[in-house]
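Have a look at the structure below before the remarks.
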Amino acid sequence: MELWFTEKQTEGLALSLLVTRTLHRERTPFQDLAVLETVQYGRLLVLDGVVMLTEADEFIYHETIAHVPLLLHPEPRIVLVIGGGDGGTVREVLKHPSVEKVVLAEIDERVIEASRRFFPTLSTGFTDPRLQLAVGDGIEHVRNHPGTYDVILVDSTDPVGPGVGLFEADFYRMAAAALRPGGLLAAQTESPFVNRELIRHIHKNMKEAFPFRRLYLAPIPTYPAGWWSFTLAAEAEVNPLEPRILPGLATKYYTPEVHRAAFALPPFVAELVRKE
Ligand code: AG3
């Protein structure tokens with residue numbers, strides 16, 4: 001008998017992966033957590049029935065959310081990752097020699113534990129002395145740390161369950177206040193193909209706290225519609241097309257050319273975030 005995991009991505013769209021084994025399943029205090037072995041994409045991390053990552057395509061997402069803002073900042077030293085308990089984003093951030101400290105504000109400790117056990121290639125950063133775990137609410141964390149961070153990365157779930165507040169104007173206001181002068185925020189902002197109204201809504205919510213916002217794109221095969229957006233946000237204008245070059249940065253997706261290409265928006269996507 002074949003066992004298929006299916007994420008219902010929208011009312012009328014689903015992604016299915018053939019599963020050979022359930023490696024782990026638990027009800028954490030926050031959500032339903034599963035680790036499955038798939039035929040096509042290796043191990044799969046699922047929270048509340050939603051794909052968080054697979055071993056096969058996680059590098060695209062994690063390199064894109066981390067290297068784009070870190071290489072646009074002149075010298076990122078203190079970095080905050082909100083969510084991202086799997087460690088993939090932290091792994092990428094730690095590739096930057098200028099980074100002295102990364103704080104991981106993940107609300108669900110069980111995600112960190114599951115990644116340590118089942119995703120050794122993602123959780124490599126958990127033993128790095130530059131990493132500080134701040135298990136708890138990311139919103140509370142930014143509220144309590146004004147003027148602290150060079151870069152904030154919002155590696156959240158979709159805006160349902162524990163992740164909702166991370167898409168609201170109040171959060172963006174506090175996140176902007178948690179940045180040091182010249183600081184940058186980058187957030188995952190859902191699919192430009194099937195979450196169009198949501199992207200408009202997010203940018204509207206960001207507007208007041210972050211006068212400068214730029215959408216950028218990457219293909220993520222296991223996320224809704226296979227095509228994803230991120231948003232770079234800052235208080236003042238930055239030129240997103242001139243990343244620093246970091247010699248020796250080991251990546252499988254990110255290059256300076258891919259970086260520049262990520263900011264090229266087809267008209268039907270640009271229209272979502274056009275200033276009124
Ligand atoms: N990022 C999860 C993005 C949301 C995916 N949405 C979906 N499959 N419907 C967090 C996990 C990677 N660190």
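The values are calculated or read from the model by the stated rules, or taken from the named source; none is laboratory data. For clarity, every value in this text was computed on a predicted model and none was experimentally measured. As a convention, Cβ positions derive from the backbone with ideal geometry for all residues, glycine included, and neighbour counts pool all protein chains shown. Protein only, heavy atoms only, side chains kept; ligands, DNA and RNA dropped before computing areas. Shrake-Rupley method; radii C 1.70, N 1.55, O 1.52, S 1.80 Å.
For Val151, state whether it is at negative phi, in contact with a Gly (Cβ under 7 Å, 6 or more places away or on another chain), within 12 Å of the ligand (Cβ to nearest atom) and modelled with pLDDT of 95 or more.
Working: at negative phi: yes; in contact with a Gly (Cβ under 7 Å, 6 or more places away or on another chain): yes; within 12 Å of the ligand (Cβ to nearest atom): no; modelled with pLDDT of 95 or more: yes.
Taking the combined requirement at face value, the residue does not satisfy it.
Given the structure, is Arg117 modelled with pLDDT of 95 or more, basic (Lys, Arg) and out of contact with any helix residue (DSSP H, G or I) (no Cβ under 8 Å at 6 or more places or on another chain)?
Numbers: modelled with pLDDT of 95 or more: yes; basic (Lys, Arg): yes; out of contact with any helix residue (DSSP H, G or I) (no Cβ under 8 Å at 6 or more places or on another chain): yes.
Spelling it out, Arg117 is indeed modelled with pLDDT of 95 or more, basic (Lys, Arg) and out of contact with any helix residue (DSSP H, G or I) (no Cβ under 8 Å at 6 or more places or on another chain).
Given the options Ala250, Ala225, Ala187, Ala177, name the one that is among the small types (Gly, Ala, Ser) and assigned to a loop (DSSP other than H, G, I, E, B).
Ala250
So if I check each of Ala178, Ala169, which one is away from the ligand (no atom under 13 Å from the Cβ), more than 17 Å from the chain's Cα centre (by Cα) and within 13 Å of Val81 (Cβ to Cβ)?
Working: Ala169 fails: within 13 Å of Val81 (Cβ to Cβ).
Checking each option against the conditions leaves just Ala178.
Do any strands (runs of 3 or more DSSP E) entirely within segment 59-141 hold 2 or more residues that are open to solvent by 10 Å² or more (accessible area, probe 1.4 Å), and if so, which? Give the steps one after another, and end with the answer.
Details: elements: 78-83, 101-105, 131-133.
Qualifying strands (runs of 3 or more DSSP E): 78-83, 131-133.
Looking at this structure, is Arg200 touching a residue at least 24 places away in the same chain (Cβ under 8 Å), outside any loop (DSSP other than H, G, I, E, B), of a type in the set (Lys, Arg) and open to solvent by less than 60 Å² (accessible area, probe 1.4 Å)?
Numbers: touching a residue at least 24 places away in the same chain (Cβ under 8 Å): yes; outside any loop (DSSP other than H, G, I, E, B): yes; of a type in the set (Lys, Arg): yes; open to solvent by less than 60 Å² (accessible area, probe 1.4 Å): no.
Answer is no for this residue.
Taking segment 1-22 as the region of interest, how many residues are part of a strand (DSSP E or B) and surrounded by fewer than 16 Cβ atoms within 10 Å (Cβ to Cβ)?
Within segment 1-22, residues that are part of a strand (DSSP E or B) and surrounded by fewer than 16 Cβ atoms within 10 Å (Cβ to Cβ) number 12.
Within segment 34-58, track down each residue that is of a type in the set (A, V, I, L, M), assigned to a strand (DSSP E or B) and away from the ligand (no atom under 12 Å from the Cβ). Lay out the reasoning, then the answer.
We begin by selecting, within segment 34-58, every residue of a type in the set (A, V, I, L, M); these are 34-36, 39, 44-47, 50-53, 56.
Of the ones still in play, those that are also assigned to a strand (DSSP E or B) are 34-36, 44-47, 50-53.
Those that are of a type in the set (A, V, I, L, M), assigned to a strand (DSSP E or B) and away from the ligand (no atom under 12 Å from the Cβ): Ala34, Val35, Leu36.
Can you name the number of the only condition in (1) open to solvent by less than 40 Å² (accessible area, probe 1.4 Å); (2) free of Cβ contacts under 8 Å to residues at least 40 places away in the same chain that Ala176 fails?
The one condition Ala176 does not meet is (2).
What are the residues in segment 24-45 that are within 21 Å of Pro221 (Cβ to Cβ) and not β-branched (Val, Ile, Thr), if any?
Ala34, Leu36, Glu37, Gln40, Tyr41, Gly42, Arg43, Leu44, Leu45
Being crowded, with 17+ Cβ neighbours inside 10 Å, closer than 24 Å to Thr121 by Cα and small (Gly, Ala, Ser), is that true of even one residue in segment 231-242?
Looking for residues that are crowded, with 17+ Cβ neighbours inside 10 Å, closer than 24 Å to Thr121 by Cα and small (Gly, Ala, Ser), one finds none in segment 231-242, hence no.
Exactly one of these conditions fails for Gly147: (1) open to solvent by 40 Å² or more (accessible area, probe 1.4 Å); (2) within 17 Å of the chain's Cα centre (by Cα); (3) small (Gly, Ala, Ser). Give me its number.
Of everything listed in (1) open to solvent by 40 Å² or more (accessible area, probe 1.4 Å); (2) within 17 Å of the chain's Cα centre (by Cα); (3) small (Gly, Ala, Ser), Gly147 misses just condition (2).
Before we move on, is Phe263 touching a residue at least 40 places away in the same chain (Cβ under 8 Å) and either surrounded by 14 or more Cβ atoms within 10 Å (Cβ to Cβ) or more than 15 Å from the chain's Cα centre (by Cα) (or both)? I'd like the intermediate steps shown before the answer.
Numbers: touching a residue at least 40 places away in the same chain (Cβ under 8 Å): yes; either surrounded by 14 or more Cβ atoms within 10 Å (Cβ to Cβ) or more than 15 Å from the chain's Cα centre (by Cα) (or both): yes.
So Phe263 fits the description; yes.
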